[in-house]
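Colleague: Supplied in structure tokens, the structure appears directly below.
The values are calculated or read from the model by the stated rules, or taken from the named source; none is laboratory data. On a predicted model such as this, the values are computed, not experimentally measured, just so you know. Positions of Cβ are generated from backbone atoms using ideal geometry, with glycine treated the same way; all protein chains shown enter the neighbour counts.
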Amino acid sequence: MKSTSRVRKSWPFERHQAMNPTTRRAAARPRYILFAVLVLACVLCAPPAASADTVQITPANEHRLQELVAERNRLAAQNPTQLSAGISALFLHAPYGANTLVGSASVPEQLVVELTRVDCFTYADYVEALKRSSDRAGFLAQLTQIRYRGGDVSFTQRRHFFTDWAADAPVNATDVTASLGAPTEQVTKMLNLKDSGDSYLPGLPPRSRTIFYLPSARVSDGVIANLRDGDYLGAYATASGLDVTHVGIFLHTPSGPVLRNASSLRANNQVVDTPLREYVDTVPGIVVLRPIR
């Protein structure tokens, strides 16, 4: 559940010419300025990476990250159009692990990399970050962008709610729920605000959010046919203050459409493939976000 688990980057050809020391310095100056401008542009365009003192990663997770990046690069070389399926499969049977992130209103936020156990939303974080990166530095930079608004590693800027992925810049995904071929319901909620007036996450201000969801009874075969591999599906939450209660990755498989997800159910307690129709029948509805990459 989101509220408890996250709460969950050759110079142009130049003709050679003879120059005395004075003309050499004069000619070099504009080239130096151009070089400095280009370097600055590269720095400004690259996604910011978390500083070393904000990254929390154990030796075991460092080793696992190396394995995952190597396998990701192999998959990208073999079948780049199937990265979502291939990368998400690398986590199949990984143990479910809640409350792995560090940070609160009173505890400094850290960029946690915990790949040996995942909850439903950190699983989505890691799959999406691996899709976008080919080395350790790239993974950390992308994870920072995916998990935090503006890449700011702080509790208040963490994307605590699933729909934050489509609502907050830089967006990770587009909400396609209303374009799947069936009428949706629209609800405006104050995220993080309980009916009692308390917060699910103390220290995080409530935010108004209009949520579009597709009731489960309307998830027809036609709707499923409009889903794409790698779409992120959230189980709509009827409770005030929440957008979804669970998140998974949609995939077409030889055995049919599935929701690949980190399940906390006692019968699973790991990353599993759940038949989509079977899962949809257990929830009020779905919210569908499509990754931008």
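Colleague: List the number of the failed condition for Lys189; all other conditions in (1) more than 22 Å from Glu71 (Cβ to Cβ); (2) surrounded by fewer than 19 Cβ atoms within 10 Å (Cβ to Cβ); (3) touching a Lys or Arg at 6+ places or on another chain (Cβ under 9 Å) hold.
Modeller: Of everything listed in (1) more than 22 Å from Glu71 (Cβ to Cβ); (2) surrounded by fewer than 19 Cβ atoms within 10 Å (Cβ to Cβ); (3) touching a Lys or Arg at 6+ places or on another chain (Cβ under 9 Å), Lys189 misses just condition (2).
Okay, residues lined up against (1) within 14 Å of Asp273 (Cα to Cα); (2) surrounded by fewer than 19 Cβ atoms within 10 Å (Cβ to Cβ); (3) of a type in the set (A, V, I, L, M); (4) in contact with a Ser or Thr (Cβ under 8 Å, 6 or more places away or on another chain):
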| position | (1), (2), (3), (4) |
| --- | --- |
| Leu90 | yes, yes, yes, no |
| Leu101 | no, no, yes, yes |
| Ser104 | no, yes, no, no |
| Leu115 | no, no, yes, no |
| Phe121 | no, no, no, yes |
| Val127 | no, no, yes, yes |
| Lys131 | no, no, no, yes |
| Ser134 | no, yes, no, no |
| Phe139 | no, no, no, yes |
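Colleague: Taking the condition within 21 Å of Pro291 (Cβ to Cβ) and crowded, with 18+ Cβ neighbours inside 10 Å, does Ala169 pass?
Modeller: Numbers: within 21 Å of Pro291 (Cβ to Cβ): yes; crowded, with 18+ Cβ neighbours inside 10 Å: no.
So Ala169 fails the test.
Colleague: Here's something else I'd like to know. Among the residues of segment 199-250, write down those that are over 25 Å from Leu83 (Cβ atoms) and under 17 Å from the mean Cα position of the chain (by Cα). First the steps, then the outcome.
Modeller: Kept after step one, since they are over 25 Å from Leu83 (Cβ atoms), are these residues of segment 199-250: 199-222, 236-243, 245.
Once the filter is applied, which keeps residues that are over 25 Å from Leu83 (Cβ atoms) and under 17 Å from the mean Cα position of the chain (by Cα), segment 199-250 yields Asp243, Thr245.
Colleague: Just one of Ser106, Ser133, Ser88 is within 24 Å of Thr156 (Cβ to Cβ) and at pLDDT 95 or above; which is it?
Modeller: Residue meeting the stated conditions: Ser106.
Colleague: Please verify whether segment 105-121 includes one or more residues that are of a type in the set (Phe, Trp, Tyr) and touching a strand residue (DSSP E or B) at 6+ places or on another chain (Cβ under 7 Å).
Modeller: Going residue by residue through segment 105-121, those that are of a type in the set (Phe, Trp, Tyr) are 121.
Now narrow it down to the ones that are touching a strand residue (DSSP E or B) at 6+ places or on another chain (Cβ under 7 Å): 121.
Checked segment 105-121: at least one residue is of a type in the set (Phe, Trp, Tyr) and touching a strand residue (DSSP E or B) at 6+ places or on another chain (Cβ under 7 Å).
Colleague: Just one of the numbered conditions (1) touching an Asp or Glu at 6+ places or on another chain (Cβ under 6 Å); (2) part of a loop (DSSP other than H, G, I, E, B) is not true of Gly241; which one?
Modeller: If we test Gly241 against (1) touching an Asp or Glu at 6+ places or on another chain (Cβ under 6 Å); (2) part of a loop (DSSP other than H, G, I, E, B), just (1) comes out false.
Colleague: Still on this model: Out of (1) surrounded by 22 or more Cβ atoms within 10 Å (Cβ to Cβ); (2) in contact with a Gly (Cβ under 8 Å, 6 or more places away or on another chain); (3) more than 18 Å from Gln56 (Cβ to Cβ), the odd one out for Leu83 is which?
Modeller: Every listed condition holds for Leu83 apart from (1).
Colleague: Moving on. If I filter segment 180-195 for residues that are assigned to a loop (DSSP other than H, G, I, E, B), modelled with pLDDT of 95 or more and under 19 Å from the mean Cα position of the chain (by Cα), do I get at least one hit? So that I can check it myself, show each step before the final result.
Modeller: So the first thing to find is which residues in segment 180-195 are assigned to a loop (DSSP other than H, G, I, E, B), and the list is 180-184, 192, 194-195.
Still in the list and also modelled with pLDDT of 95 or more: 180-184, 192, 194-195.
Among the residues that remain, those that are also under 19 Å from the mean Cα position of the chain (by Cα) are: none.
So far as segment 180-195 goes, no, none of its residues is assigned to a loop (DSSP other than H, G, I, E, B), modelled with pLDDT of 95 or more and under 19 Å from the mean Cα position of the chain (by Cα).
Colleague: When segment 211-238 is examined, which residues are found to be buried (at least 16 other Cβ atoms within 10 Å of the Cβ) and assigned to a helix (DSSP H, G or I)?
Modeller: Passing the criteria: Ser216, Arg218, Val223, Ile224.
Colleague: Kindly indicate whether Ile146 is surrounded by 22 or more Cβ atoms within 10 Å (Cβ to Cβ) and in a strand (DSSP E or B). Please lay out each step first, then the result.
Modeller: Values: surrounded by 22 or more Cβ atoms within 10 Å (Cβ to Cβ): yes; in a strand (DSSP E or B): no.
Criteria not met by Ile146.
Colleague: Search segment 123-138 for residues being among the hydroxyl-bearing types (Ser, Thr, Tyr) and out of contact with any strand residue (DSSP E or B) (no Cβ under 8 Å at 6 or more places or on another chain), and hand back the single one that is farthest from Thr245 (Cα to Cα). It would help to see each step written out before you state the result.
Modeller: Going through segment 123-138, the residues among the hydroxyl-bearing types (Ser, Thr, Tyr) turn out to be 123, 126, 133-134.
Pick out the ones that are also out of contact with any strand residue (DSSP E or B) (no Cβ under 8 Å at 6 or more places or on another chain) and you get 133-134.
On the way: Ser133: 28, Ser134: 31 Å.
Restricting to residues being among the hydroxyl-bearing types (Ser, Thr, Tyr) and out of contact with any strand residue (DSSP E or B) (no Cβ under 8 Å at 6 or more places or on another chain), the top hit is Ser134.
Colleague: Can you report the number of residues in segment 264-293 which are among the acidic types (Asp, Glu), within 15 Å of Tyr123 (Cβ to Cβ) and outside any strand (DSSP E or B)? I'd like the intermediate steps shown before the answer.
Modeller: Here is the first cut: in segment 264-293, the residues among the acidic types (Asp, Glu) are 273, 278, 281.
Right, trim to within 15 Å of Tyr123 (Cβ to Cβ) and you get 273.
Adding the requirement that they be outside any strand (DSSP E or B) leaves none.
Adding up the residues that qualify gives 0.
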